[in-house]
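The values are calculated or read from the model by the stated rules, or taken from the named source; none is laboratory data. These numbers come from a predicted model, not from an experiment. For neighbour counting, all protein chains shown are included, and Cβ atoms are generated from backbone atoms with ideal geometry for every residue, glycine included.
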């Protein structure tokens, strides 16, 4: 929810308003910033990456406010200034995208390191100046090989201007304005500092986004809105050649990003190892949680280095050639985006023409990942299949943000992968959007879904008490059968599901399930229900032991 841009003291509400205004500013400038993105790779996504990073930070901050106990007004609740800035920085860290988003996350962490500590007797103005200085210092330290004429240069100039205002006993609003003006001046100088920018006739895209974020900070603290101004640089997008990839232009071919649970010592070794593998290395975070970003030719080696250091997850690997071709290609009319758990299912949906979003057990994609997939589909119309009830809210939020970009989006409330397969089976990209959505929704709704899982502990279920190791048969999300073995439980679930009729049974087998189970279940269906057909797929790694669909 947006907040009214009135003046604020340097408190939690100011952070909340800052976040809202920064997200809105980046949303307005996103396409223009994408259009001037030439460094370090001309892949036209800097504005989008900053926007997605700010969106993740804003959601984390909103959750912190939502957890505030009723009536807390003494600054000791979850939305004290300290907790607010820490939540804001943490949200940026876990959702950081690309080189620019990762640096923004570290800048916010630097701000949180100062504003989240005991302020002592320091006045708000000098305190904010110190926070901006710490932010710039930590950002420079996070980048393996800092380059001037980039977002770092703009951050450093903002910190120096803010520090000067703070030394003159300026208020927090005056410090923020000085930082904003210093950043603007530094941004204008970037084409003369970096040859790639000067050649293209543009300012640094990441620095441009940082100016928007600092303008939002000044507005939050003063209530004064920065004057609207066009993004400095070209008024038309920098042209992208759709054919060459980054490697052919002399740089690595892949961008690798992941979150990492690891110690400070392990991360120090990881930095050295990744620095030898590629470039654009940025490692941000602390206290055991890190966001790792690097450009490499061997993405597997970059991920393996993370495994040696700790536990990498939310791994994203992007081929720059694919991104450049997508950015240069015209939009298609319609696309389907499907959240899928299981590599085999993802391949199956991909063959059907869908853009897939991977989901692993315990690691559901967030709004930013769904929105990125919608944009990756590069279509005027998108049908979004969330694949689970837990993702409905995230899918709705991603759709709302995509609509603000001018994309027509419909969310079909699929609750299982088999419902998504049924919807894809009737998808008609050449028909009208409304008719296609109605047909896909009807197909998904007419598909009952079952799943087999293994109980991890003793617990109460709708079918009684289960013990650890029991096989649970779920129908439409509720436990209906508790069994000892997979085959017997699967047959019991099938019998219940087919009791109300059906024409087609879809079986999706997990990676550890033998083909003999599929043969047994197909024979069971054929014997007990002669008019019912059966199709079987392999779900692949990360899929459930068995999914069942009955249409």
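Among the residues of the stretch 428-451, count how many are surrounded by 15 or more Cβ atoms within 10 Å (Cβ to Cβ) and touching a helix residue (DSSP H, G or I) at 6+ places or on another chain (Cβ under 6 Å).
Qualifying residue count, the stretch 428-451: 7.
For the stretch 258-277, give me the residue count where each residue is loosely packed, with under 14 Cβ neighbours inside 10 Å and assigned to a helix (DSSP H, G or I).
Of the residues in the stretch 258-277, 4 are loosely packed, with under 14 Cβ neighbours inside 10 Å and assigned to a helix (DSSP H, G or I).
Of (1) within 16 Å of residue 93 (Cα to Cα); (2) surrounded by fewer than 24 Cβ atoms within 10 Å (Cβ to Cβ); (3) at pLDDT 90 or above, residue 20 satisfies all except one. Which?
Every condition holds for residue 20 apart from (1).
Results for (1) touching a residue at least 40 places away in the same chain (Cβ under 8 Å); (2) closer than 28 Å to residue 48 by Cβ; (3) in contact with a strand residue (DSSP E or B) (Cβ under 9 Å, 6 or more places away or on another chain); (4) in the same structural domain as residue 292 (by TED's automatic domain parsing), shown as yes or no for each residue.
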{"site": "123", "(1), (2), (3), (4)": "yes, no, no, no"}
{"site": "131", "(1), (2), (3), (4)": "no, yes, no, no"}
{"site": "151", "(1), (2), (3), (4)": "yes, yes, no, no"}
{"site": "159", "(1), (2), (3), (4)": "no, yes, no, no"}
{"site": "207", "(1), (2), (3), (4)": "yes, yes, no, no"}
{"site": "219", "(1), (2), (3), (4)": "yes, yes, no, no"}
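Please return the ranges of helices (runs of 4 or more DSSP H) entirely within the stretch 361-443 where 1 or more residues are farther than 26 Å from residue 52 by Cβ and not assigned by TED's automatic domain parsing to the domain that holds residue 476.
It comes to 417-425.
How many residues, within the stretch 499-551, are more than 22 Å from residue 479 (Cβ to Cβ), over 40 Å from the mean Cα position of the chain (by Cα) and outside any helix (DSSP H, G or I)?
Number of matching residues: 5.
In this structure, is residue 310 more than 17 Å from the chain's Cα centre (by Cα), surrounded by 14 or more Cβ atoms within 10 Å (Cβ to Cβ) and under 26 Å from residue 90 (Cβ atoms)?
Answer is yes for this residue.
Where in the stretch 79-170 are there helices (runs of 4 or more DSSP H), lying wholly inside it, with at least 3 residues that are closer than 23 Å to residue 287 by Cβ and under 26 Å from the mean Cα position of the chain (by Cα)?
81-95, 98-115, 124-142
Filtering the stretch 69-84 down to residues that are modelled with pLDDT of 90 or more and surrounded by fewer than 24 Cβ atoms within 10 Å (Cβ to Cβ), which residue is nearest to residue 9 (Cα to Cα)?
81
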